[in-house]
Amino acid sequence: MDVSTTIAGVSLRNPTVLAAGILGTSADLLCRVAKCGAGAVTSKSCSLEARDGHPNPTMLDWGEGLINAIGLSNPGVEEEVKELKKAVGKSGVPVFASVFGKSPEEFAEVAARVAEAKPALVELNVSCPNVSSDSRLGGKIFAFDAKLVAKITDAVKNRVSTPISVKLSPNTPDLKEIAQAAEDAGADAITACNSFGPGMVIDVETGKPILSNRVGGVSGPAVKPLAVKCVYDVCSVVEVPVIGTGGVTNGRDAVEMIMAGATAVGVGSAVYYRGISVFARIDAEIKVFMDSHGYESLADFRAIAQQ
Amino acid sequence: MLPRRAKIKEIINDNGRVKTFVLDCSIIAKPGQYVMVWLPGIDEKPISVSRADPLTLTVANRGPFTSRLFDLKVNDFMSFRGPFGNGFALRTVKNILLVGGGYGVAPLRFLAETALQKNIRPTMIMGAKTASDVILEEAFSELKVKTIIATDDGSKGVKGTCVDAAREAMEKEKFNAVYSCGPEKMMAALAHECAKHGVRCQLSLERYIKCGIGVCGQCCCDGLRVCHDGPVFDARVLKGVEDFGRLARGPSGASHAL
Ligand SMILES: Cc1cc2nc3c(=O)[nH]c(=O)nc-3n(C[C@H](O)[C@H](O)[C@H](O)COP(=O)(O)OP(=O)(O)OC[C@H]3O[C@@H](n4cnc5c(N)ncnc54)[C@H](O)[C@@H]3O)c2cc1C
Ligand SMILES: Cc1cc2nc3c(=O)[nH]c(=O)nc-3n(C[C@H](O)[C@H](O)[C@H](O)COP(=O)(O)O)c2cc1C
């Protein structure tokens with residue numbers, strides 16, 4: 001039985017990919033996740049300059065899922081390149097580098113800088129719900145605008161030869177059109193999706209929103225059906241491989257994503273629900289499923305829900 | 001985990017820079033675990049449980065958040081989430097040495113209380129710069145715990161660091177385990193002494209904590225998540241951890257020397 005998969009020419013021993021922003025802050029943590037069975041690991045999104053992110057509270061388990069407004073804290077690309085080089089050297093699995101910027105030019109600049117560390121893939125985070133773009137661009141989320149997504153993708157493709165995945169936002173009715181625009185502009189893969197909302201959780205004792213940013217992205221089990229639908233929609237329009245992300249907690253969830261058309265599966269919040277060993281466990285659970293259903297490879301059931 | 005809100009029942013001025021807040025609630029926690037104290041509109045920060053019933057927090061005034069906490073009065077409210085983290089392990093020990101520096105004494109008070117309930121005999125060593133910095137001395141004497149105070153300038157107790165005092169104590173007496181919380185360089189030196197004396201030790205680390213649930217990675221010390229795998233680590237786990245005693249990351253994730 002074979003659970004290996006290939007994303008934009010990058011071979012993964014299994015389809016689990018550590019999602020951006022979860023445990024991706026240091027090379028050692030990325031290596032630990034790799035040891036715990038991930039097929040690939042994604043680093044925390046990084047920008048040109050360091051960012052402290054939002055004050056606490058930045059994250060909580062509200063009962064049926066998680067909500068976070070970390071605010072894209074990162075030490076800036078210079079520090080990040082050092083961590084990435086170390087991770088690429090010792091993790092033993094493909095390392096994906098997540099980047100973001102305030103403009104297409106800045107995306108290209110950060111992508112070019114992280115490419116020095118030779119990651120297997122660069123992921124463009126055009127979709128964080130907690131941070132908006134440069135005011136020149138209207139301060140909105142890039143991923144809501146097909147033209148901007150195409151511009152960013154094109155700008156990065158012109159600067160780096162590393163394969164790129166564009167990470168989209170689920171929070172738009174135009175998801176299909178935007179995914180298509182990213183593919184047309186040269187994206188080698190699509191990551192679908194970032195967290196949902198934004199949402200809000202109010203503390204009823206004090207009457208205050210709990211997150212200091214008031215709103216935050218929703219993730220975890222609560223969003224899975226929404227994420228599966230996004231992946232299904234994106235896969236119905238693009239040819240490039242899709243990293244299906246959102247609410248995947250067990251092997252069955254991963255199988256669902258693959259049946260919707262995903263080539264690999266992002267795993268983030270499940271680290272909270274099942275611990276870091278969740279990657280090896282999902283891998284094993286996929287194999288058990290395949291065994292009991294007579295599947296030999298992931299291709300046997302990929303996108304079968306599309307038929 | 002959603003926040004709880006509790007009224008401040010009592011505030012004790014431990015010294016000019018440290019206050020102990022006694023809340024009108026209790027929690028189920030292990031010594032070494034912490035809560036995230038939330039002041040809406042300001043911030044939310046990790047504070048160790050100094051006592052679980054009633055929930056008691058001992059806080060040093062160090063910056064914007066803790067100074068706002070210091071403005072609170074009896075009958076004001078405080079919100080918190082928790083407990084978080086792993087806590088100290090108290091298995092199969094009989095005679096233990098606790099070594100605290102600064103407000104690191106606070107979680108050791110809870111540890112001493114818990115140890116006594118399990119018929120474990122704790123000896124406490126408190127380190128401070130000078131006599132007026134010593135905190136929770138009465139709390140330990142109320143518990144009838146043998147306490148050795150070490151001050152850098154010798155103005156109270158023995159002159160020297162708490163590591164010096166711990167070395168002396170270990171030379172005189174056999175301890176099954178050493179537990180410590182305080183400045184990391186002090187704990188690194190203590191771990192070294194413990195290794196020389198063949199005594200196991202557990203250390204409570206501090207790193208910049210955001211999520212508290214082991215997800216965001218902000219508090220990493222090499223590949224360890226201080227917020228969730230810790231904050232308490234066996235010194236054997238910390239052996240070979242490059243960041244230990246050397247580097248910590250700030251809110252952006254950038255490293256600085258300790
Ligand atoms: C597990 C743990 C237990 C702690 N227990 C206690 C305690 O019992 N009593 C006590 O007085 N203090 C305790 N602290 C430290 C306390 O969290 C900081 O002193 C407090 O956050 C300072 O905030 P500030 O705004 O007042 O000061 P700042 O000027 O913002 O910071 C002062 C120092 O505190 C550190 N700090 C700031 N924010 C955080 C954060 N979110 N997480 C960790 N460190 C931070 C900074 O790195 C800096 O070294 C504990 C820390 C940790 C990690
Ligand atoms: C704490 C936290 C931080 C995140 N940070 C990032 C980030 O920096 N960049 C990014 O592209 N996505 C980030 N995300 C989104 C995740 O990568 C993922 O798309 C989302 O959480 C849905 O997947 P999940 O349900 O498996 O967590 C973050 C999510 C969480 C929970």
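The values are calculated or read from the model by the stated rules, or taken from the named source; none is laboratory data. In this text the structure is predicted, and so the values were computed from the model without any measurement. Positions of Cβ are backbone-derived with ideal geometry, glycine not excepted, and every protein chain shown enters the neighbour counts. Calculation scope for accessible area: heavy atoms of the full protein, side chains included, ligands and nucleic acids excluded. Shrake-Rupley method; radii C 1.70, N 1.55, O 1.52, S 1.80 Å.
What is the one condition in (1) closer than 13 Å to B:Ser48 by Cα; (2) at pLDDT 95 or above that B:Val105 does not satisfy?
(2)
Since B:Arg51 meets every condition but one in (1) of a type in the set (Lys, Arg); (2) closer than 18 Å to B:Val105 by Cα; (3) open to solvent by 50 Å² or more (accessible area, probe 1.4 Å); (4) without any contact (Cβ under 8 Å) to a residue 60 or more places away in the chain, which condition does it not meet?
(4)
Can you spot a residue in the stretch B:232-249 that is open to solvent by 10 Å² or more (accessible area, probe 1.4 Å) and within 16 Å of ligand 2 (Cβ to nearest atom)?
Yes; the residues of the stretch B:232-249 include at least one that is open to solvent by 10 Å² or more (accessible area, probe 1.4 Å) and within 16 Å of ligand 2 (Cβ to nearest atom).
Going residue by residue through the stretch B:24-32, is there one that turns out to be surrounded by fewer than 21 Cβ atoms within 10 Å (Cβ to Cβ) and basic (Lys, Arg)?
yes
Is it the case, given these coordinates, that A:Ala284 is within 14 Å of ligand 2 (Cβ to nearest atom) and in contact (Cβ under 8 Å) with a residue 24 or more places away in the chain?
no
Which condition breaks for A:Asp61 when tested against (1) within 20 Å of A:Gly266 (Cβ to Cβ); (2) facing chain B (nearest Cβ under 9 Å); (3) surrounded by 23 or more Cβ atoms within 10 Å (Cβ to Cβ)?
So the condition that A:Asp61 fails would be (3).
Return the pair list, or none, for Cβ contacts closer than 9 Å from residues in the stretch A:25-39 that are without any contact (Cβ under 8 Å) to a residue 60 or more places away in the chain to residues that are assigned to a loop (DSSP other than H, G, I, E, B) and hydroxyl-bearing (Ser, Thr, Tyr), at least 6 apart or on different chains.
A:Thr25/A:Ser43; A:Thr25/A:Ser73; A:Ala34/A:Ser91; A:Lys35/A:Ser91
When residues of the stretch B:50-71 are filtered for being more than 14 Å from chain A (Cβ to nearest Cβ) and over 23 Å from B:Gly230 (Cα atoms), how many remain?
From the stretch B:50-71, those more than 14 Å from chain A (Cβ to nearest Cβ) are B:50-62, B:67, B:70-71; that's our starting set.
Remaining after also requiring over 23 Å from B:Gly230 (Cα atoms): B:54, B:61, B:67, B:70-71.
Of the residues in that region, 5 qualify.
With A:Ala280, A:Ala270 as the choices, which residue is within 14 Å of another protein chain (Cβ to nearest Cβ), modelled with pLDDT of 95 or more and over 13 Å from the mean Cα position of the chain (by Cα)?
Unique residue meeting the criteria: A:Ala270.
Among residues belonging to the stretch A:38-55 that are in a loop (DSSP other than H, G, I, E, B) and open to solvent by less than 10 Å² (accessible area, probe 1.4 Å), point out the one that is farthest from the other protein chains (Cβ to nearest Cβ).
The extreme case among them is A:Gly39.
Among the residues of the stretch B:244-258, write down those that are more than 14 Å from ligand 1 (Cβ to nearest atom) and either part of a helix (DSSP H, G or I) or touching an Asp or Glu at 6+ places or on another chain (Cβ under 6 Å) (or both). Even if it seems obvious, please write down each step before you answer.
Initially, the stretch B:244-258 is screened for residues more than 14 Å from ligand 1 (Cβ to nearest atom), giving B:244-246.
If the condition is that a residue be more than 14 Å from ligand 1 (Cβ to nearest atom) and either part of a helix (DSSP H, G or I) or touching an Asp or Glu at 6+ places or on another chain (Cβ under 6 Å) (or both), then B:Gly245 is the only one that fits.
What is the residue count in the stretch A:34-67 for residues that are among the polar types (S, T, N, Q) and within 15 Å of ligand 1 (Cβ to nearest atom)?
Final tally of qualifying residues: 2.
Residue by residue through the stretch B:145-164, note down the ones that are farther than 16 Å from B:Glu193 by Cβ and either part of a strand (DSSP E or B) or within 20 Å of the chain's Cα centre (by Cα) (or both). Walk me through how you get there before you give the answer.
Let us first name the residues in the stretch B:145-164 that are farther than 16 Å from B:Glu193 by Cβ, namely B:145-147, B:149, B:151-157, B:159.
Across the stretch B:145-164, the qualifying residues are B:Val145, B:Lys146, B:Thr147, B:Ile149, B:Thr151, B:Asp152, B:Gly157, B:Lys159.
Taking the stretch B:64-90 only, how many residues are without any contact (Cβ under 8 Å) to a residue 60 or more places away in the chain and either more than 8 Å from ligand 1 (Cβ to nearest atom) or over 21 Å from B:Leu205 (Cβ atoms) (or both)?
Total satisfying the criteria: 8.
Restricting attention to the stretch A:207-237, report how many residues are closer than 21 Å to A:Thr249 by Cβ, surrounded by fewer than 16 Cβ atoms within 10 Å (Cβ to Cβ) and at the interface with chain B (Cβ under 10 Å from one of its Cβ atoms).
The total comes to 0.
Mind counting the residues in the stretch A:148-200 that are surrounded by 18 or more Cβ atoms within 10 Å (Cβ to Cβ), over 22 Å from A:Val17 (Cβ atoms) and among the hydrophobic types (A, V, I, L, M, F, W, C)?
The qualifying residues number 5.
Which residues, taken from the stretch B:176-230, are within 12 Å of ligand 1 (Cβ to nearest atom) and either modelled with pLDDT under 95 or more than 14 Å from chain A (Cβ to nearest Cβ) (or both)?
Hits for the stretch B:176-230 are B:Cys181, B:Gly182, B:Pro183, B:Glu184, B:Leu203, B:Ser204, B:Leu205, B:Glu206.
If you take the residues of the stretch A:3-31 that are more than 14 Å from chain B (Cβ to nearest Cβ) and not in a strand (DSSP E or B), which of them is nearest to ligand 2 (Cβ to nearest atom)?
Going through the stretch A:3-31, the residues more than 14 Å from chain B (Cβ to nearest Cβ) turn out to be A:3-17.
From the residues that got through so far, the ones that are not in a strand (DSSP E or B) too are A:3-4, A:8-9, A:13-15.
On the way: A:Val3: 19, A:Ser4: 21, A:Ala8: 17, A:Gly9: 21, A:Arg13: 20, A:Asn14: 16, A:Pro15: 13 Å.
Result: A:Pro15.
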